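Derivation of every value follows stated rules applied to the coordinates shown; laboratory data play no part. This structure is a prediction, so every number in the text was calculated from the model and none was measured. Neighbour counts are summed over all protein chains in view; Cβ atoms, including those assigned to glycine, are modelled from backbone coordinates with ideal geometry.
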Amino acid sequence: MAGALKMPKDTLNKLLSLNGIFAIYKQKGPTSSDTLNMLKEKLLKEAGMSNFNLRKRNHLFKIGHGGTLDSNATGVLVVGIGDGTKMLTTMLSGSKKYRAVGEFGKATDTLDVTGNVTEEKSYDHITKEALEEKLLQFKGEILQVPPLFSALKKDGKRMSDLVVQGQKVEAKPARPVTVYNLSLEDFSLPQFTLGKCQVECGGGFYVRSLVDDLGKALSSCAHVKELIRVKQGQFTLEEHALKEDQWTLMDISQALHPCPTLTTPQRNAKKRKTKHQSVATQGNNGEQNRKVVQGD
């Protein structure tokens, strides 16, 4: 009997010892949070904890994702586990790359194919040359208004949730974002594809807003039909994103980018900071599900 219990206990200890970041492949359909819960469920089941309540905040281990992907989007979703949740903001400050398929002639409330059509306009006048010329205006440092349907928060609640509840929500003011690269891969009206060299951008950028703005700039309207994140930080879709059948302790352990080792001065500074904050944080279990919410 003792031998039968040894495997789950050893596996649980292995799960609890994981600290770092890695990338998984997000499928079309589930939200980023749903995808993270699917991952947690598989890991807990492998560790012999299949009956664990996934919705409880005070989990045995910390896990979170860095950078929300829309439910209609696929591709790289970076995950932090253990102390790796603390790395999400610092290690994912690099650029992201996307491939996007847009469609002229229809605008939706979500700015993608999942939403309700809010406007229809002609698009026959749009040429490949005109589109390529407009793309140049969206490269570099630009101002962009985030979508109403987004993970950005108002009064502590997601704007998308407030809109679904029927509350009146005003758009966030335009904010500066950076587009490093933007190119047209295919043009076949009413559809067009951005991504020969991918849409490369910095944090806080929304591809949905880009496509919507392109439609308006060309005296029409547009929405996103497909969106794939092919790179985030140092993680690429082809080389690093683990498919669902690879969501195992062995595969994750091999793919894990470990947390950097702290020097003695850094460890001492961290201890002093923790001691200084102990009174303020007493009784607070902390956020066990850290998420860095930026862009599509």
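Other residues within the sphere of radius under 12 Å centred on the Cβ of Ala107, judged by their own Cβ, net out at -3 (K and R +1, D and E -1). Just to confirm a number: summing +1 for Lys and Arg and -1 for Asp and Glu over residues other than Leu43 whose beta-carbon lies under 13 angstrom from that of Leu43, what do you get? Spelling it out: positives minus negatives among the neighbours equals +1. Less than 15 Å Cβ to Cβ from Lys121, Lys/Arg counted +1 and Asp/Glu -1: what total charge do the surrounding residues give? That sum, taken over residues with Cβ under 15 Å, equals -4.
Distance from the C-alpha centroid of the stretch 186-265 to that of the stretch 96-120: 17 Å, rounded to the whole angstrom.
Amide H to amide H, with H built 1.01 Å from N, Glu185 comes under 5 Å of Thr193, Leu194, Gly195, Lys196, counting only residues 5 or more places away or on other chains.
The amide H of Ala23, built 1.01 Å from its N in the peptide plane, has Val79, Leu242 as neighbours under 5 Å, considering only residues 5 or more places off or on other chains.
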